[in-house]
Amino acid sequence: MRSQKQRDLLLSGKKLWNAWRKEFPDVQAVEPALHEADLHGMDLRNFDLHGADLTEANLQEVDLRGADLCGADLRGANLSGANLSGVNLSEAHLRWADLRNAMLGYADLSRADLSHADLRGAFLEGALLRNAHFDEVNLSGVDLSKVDLSRENLRTAKLVGAIIGIVRVSSMPDTSKQPVAPDTSSNVAPEELQPVHPAA
């Protein structure tokens, strides 16, 4: 019942929703409960969703530009095709989230947990990923050439067909023990998945 009431409030618009969040600033007491909510295709630009429970929610193709999702629980959520450009997702829980083809350009994902998340086809240019968790994340086919991963560990990440370019990476997967089959859907061969240093 509480989840339905909060979903109805969310559907009433940004002004009422954000006013409600300001009236009850103690997130621990009134943490928005939107577990399994169907928000497919909604316009949630500039909504205050920090700390919200959006586990297994349907956020497919949702426009979340300018939204605050700091510390939000998005485990198992469907965010495929969502526009998260410039969104604050710091410390967000995104384990097992579906982020295929999501727009994450210049989003703040610092200290976010992306373990087991599916980011195939996601746009990550300029995203802040410092201290993010990448255990078993799927980055196959993702253009990482303009992302600073110098502090990140990608040892267990799936990078088949990923575009590495000049990106700085602290730890790449050990392909000597686990050879990767060529991805015929990409122009990037497995042997090319190494950091490329510009000529002096």
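The values are calculated or read from the model by the stated rules, or taken from the named source; none is laboratory data. Remember, predicted model here, so these are calculated numbers, not experimental data. Quick note on the areas: whole protein, heavy atoms, side chains included, nothing else; ligands and nucleic acids left out. Shrake-Rupley method; radii C 1.70, N 1.55, O 1.52, S 1.80 Å.
Miscellaneous remarks
- Size-normalised alpha-carbon gyration radius of the stretch 118-162, reference 2.2 N^0.38 Å: 1.02
- The largest accessible area among E125, E61 belongs to the first residue in E61, E125, and the rest follow in falling order (1.4 Å probe, all chains).
- Note on the stretch 49-167: with neighbouring protein chains present and a 1.4 Å probe, carbon and sulfur make up 45 percent of its accessible heavy-atom surface.
- Linear extension gain, K15 paired with R155, 0.36 nm per residue minus alpha-carbon span: 46.0 nm
- R100 - accessible surface, heavy atoms, 1.4 Å probe, Å² rounded to 10: 100
- Å² per residue, accessible surface of the stretch 35-136 at 1.4 Å: 40
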